[in-house]
Each structure stands twice: as structure tokens, then as C-alpha cells.
1. What is the magnitude of the charge dipole of the range 258-305 about its Cα centre, with +1 placed on the Cβ of each Lys and Arg, -1 on the Cβ of each Asp and Glu, and no other charges, expressed in debye to the nearest 20?
2. Classify the range 79-367 as rounded, prolate or oblate, taking a ≥ b ≥ c as the square roots of the eigenvalues of its Cα gyration tensor: rounded when a/c is under 1.5, otherwise prolate if a/b is larger than b/c and oblate if not.
3. Distance from the Cα centre of the range 171-220 to that of the range 90-109, in angstrom?
4. Which entries of LYS105/LYS220; LYS220/LYS331; LYS119/LYS340; LYS86/LYS172 have Cα-Cα distances beyond 21 Å here?
5. Using 1/(1 + (r/R0)^6) with R0 = 25 angstrom and r between the beta carbons of ASP78 and GLN369, what's the FRET efficiency to the nearest 0.05?
6. Go through 178-185, 222-229 and give me the packing order, highest mean Cβ count within 10 Å leading.
7. Measuring with a 1.4 Å probe in the full set of protein chains, what accessible area per residue, in whole Å², belongs to the range 79-367?
8. On a full-extension model of 0.36 nm per residue, what is the gain between GLN92 and THR207, subtracting their alpha-carbon distance, rounded to one decimal in nm?
Amino acid sequence: MDSVNLGSLVQSYSIFNQASRSKSSPLPRSFPLNPLKNLSSSTPQVRCFTSVPSISSVLTKEDTVKEEEKEPQTPSFDFKSYMVHKANSVNQAMDSAVSLRDPVKIHEAMRYSLLAGGKRVRPVLCLAACDLVGGQEFMAMPAACAVEMIHTMSLIHDDLPCMDNDDLRRGKPTNHKVFGEDIAVLAGDALLAFSFEHIAVATVGVTPGRIVRAVGELAKSIGAEGLVAGQVVDITSEGLTDVGLDHLEFIHVHKTAALLEAAVVLGAILGGGCDEDVEKLRKFARNIGLLFQVVDDILDVTMSSKELGKTAGKDLVADKVTYPKLMGIEKSRDFAEKLKNDALEMLQGFDPEKSAPLIALANYIAYRQN
């Protein structure tokens, strides 16, 4: 198995208890995603962890501990080790699920992009959300793999000449450069179809009602009211001069945040979370999903292609509307910080130890360098 390159990850995080809570402000939404909400579950054991009174916060290199803090410090959370361990588990599960078999060509193309590396943020979010609500990793692993299959499909299709026309992805030639445009399209289609099959047939230890609910969530997140909607508006917005922040938010809430949101919500559903916890985690994920794209926009104009592992500056060349273009770099960074803080607010009330991975992931997304 290829190891995941986590050289850019924060080396480790220390966790400390916050003495107070800040009041959260809801994510402004002019164009709601309208995800499935308040669906009933047939699971007899519903776990809800809203009674714990405090939240842990993760320190990054941007944060410092004030000397006057009197709270006892808990053992450190090693984020890098956590990510490596979870990413390797996901890679092994995907390697097994999408094995090399007939027709060989299509499976080679599927595996080429699916197993090409990457930080596996989405599947790890899914597994962490499952654990947070009291589930076990095996319950959410098929869904975690499915989310990554769909993410990979979107990258293969994004890179095509008819879309972004990219030659580089994760430091390697894009799928169509290796296998041709026809096979690349079919490889993406095959990954999309198999993702739903994998959830349906490989998920164990979860009631049928919750599996169906998870499938519905995932389908809605990538269809004409989710990822596809964001892609279409993004494409039709190129070259426009009157695009505002609401318009830009619609693109990214759908194009990027929807699948991140689905990853977290699927983990919470399959892990047995109660409706209240599922919705809190939905809001957490929506914030970090938009945060992911804001940071992506910033990196596209501040980092090199070598540093990013993909073509830098392509948004500028394509005359796409981005947060730095509308707000400037500094205000974009301020907005990213607000989104991060709003996301962390949604984790208040959960078990601090179990919420540590999600807190660390939010910080990583905010401060990543590629």
C-alpha cells in the first residue's frame, strides 16, 4: 500500500478545556442546500451526547496558551498519527473493495485515481463522526469509502478537457492523460455507481432504516441539488462581472461543502446518533465544508503547483470568481477563521475526548498548506 503523504499536516495537537463558550452565529445561507432532515430511524438504541457541559479546543501553531489558564491540561492528541492510521485503514478498505479484475482496463483506471494518495479528509470525517456518537469504525467504513469514491469521481471529471482541463492531480498525471478521455469518464461513472452498491451491500451492524437514510443523504448531496448544482453554477459563472458573495457561497456550499457535510452526517447516522446530534454535526460539517473551499481559493493564489500537487493559479486563468477576488486575501482569511470558530461551536456538549479528532480536522482544514 502506498502511504499517505501527511508531511504538511500539523505534527501534533494539544487539547485543553475551554473555560467558557462563545455564542455561535449561524452560517449565512441565501441558497439553502435543503438536505434530508428529521428522518425517523428504526434503530431502537438512540445515542445522544448533548449532556456533557464542555468542549475541548485544539491548539495549532496559530494559537497560544495563555499563562493565566488554570484548567488542567488533558493528554495531547496526536493528530498526525490519527490521520495516518485512519487513512491507511481507509486505503486498505478501498484497495479490497475495488480490486483489479475484469474488465482490467476500467478497474486500473478506477484504482489509479482512487488509490493515488490524498489526505482522506472526507472518509476520516465520516469515521470520526461515527465514533463521536458512539458507533464503531466498521459501521461507517463502507460509507467512508463510498464518499471517497465519489470525491475521486468528481476529481476525474473536473480534470477533463471539457471541464477544468487539468494535467496534474495529487502530483501525478490526471486520469485522462493516462487512460484517455473515454476511459476516464467511464472510470468516474463506475466509481459513482459502485459507491452506492458498496454502502448497500457492505455495511454491517446497522439497521436497514439507517442504511437507506444514509444512501438518501449521499445521493442528495451529489445530485442536482448538491455537487452537480454547484458545478453547473460555477461553470456558468466564469467570466461574469456581477457575481456577489451570495452567488459564490451557493457555488461552494454545493460544490464542495455538500460532500463534506454528507461524510459527517453519514457517520453520525450509521453510528446511531440521535436526530439532535445529527443536525449539530450537519451544521459543523457545512461550516468546515465552506471553510475548505475558502482556504482552497486562498492557496490557489498563494502557493505554487509543486506545493499544491496540482495546477496553481488556474482559477485566475479561468477568470473564476473566488473569495480572494471578491474580498481580498486578508478578509478571506478572516472569513475562514470565523467559519472555523462557528464549526467548533457545534461540537460543544459532546464528549471532549471523542470530539478531539473533529476539532483537529477543522483546524487542519483551516491551516492546511495544500
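The values are calculated or read from the model by the stated rules, or taken from the named source; none is laboratory data. Just so it is clear, the model here is predicted, and its values are computed rather than measured. Cβ placement follows ideal geometry from the backbone for every residue including glycine, while neighbour counts extend to all protein chains displayed. All accessible areas refer to the heavy atoms of the entire protein, side chains included, with ligands and DNA or RNA removed. Shrake-Rupley method; radii C 1.70, N 1.55, O 1.52, S 1.80 Å.
1. Here the range 258-305 has a charge dipole of around 60 debye.
2. Oblate, because a/c is 1.5 or more while a/b does not exceed b/c.
3. About 12 Å separates the Cα centre of the range 171-220 from the one of the range 90-109.
4. LYS105/LYS220; LYS220/LYS331; LYS86/LYS172
5. 0.85
6. My ranking of the peptides, most packed first, is 222-229, 178-185.
7. 35
8. Length difference between fully extended and current span is 38.9 nm.
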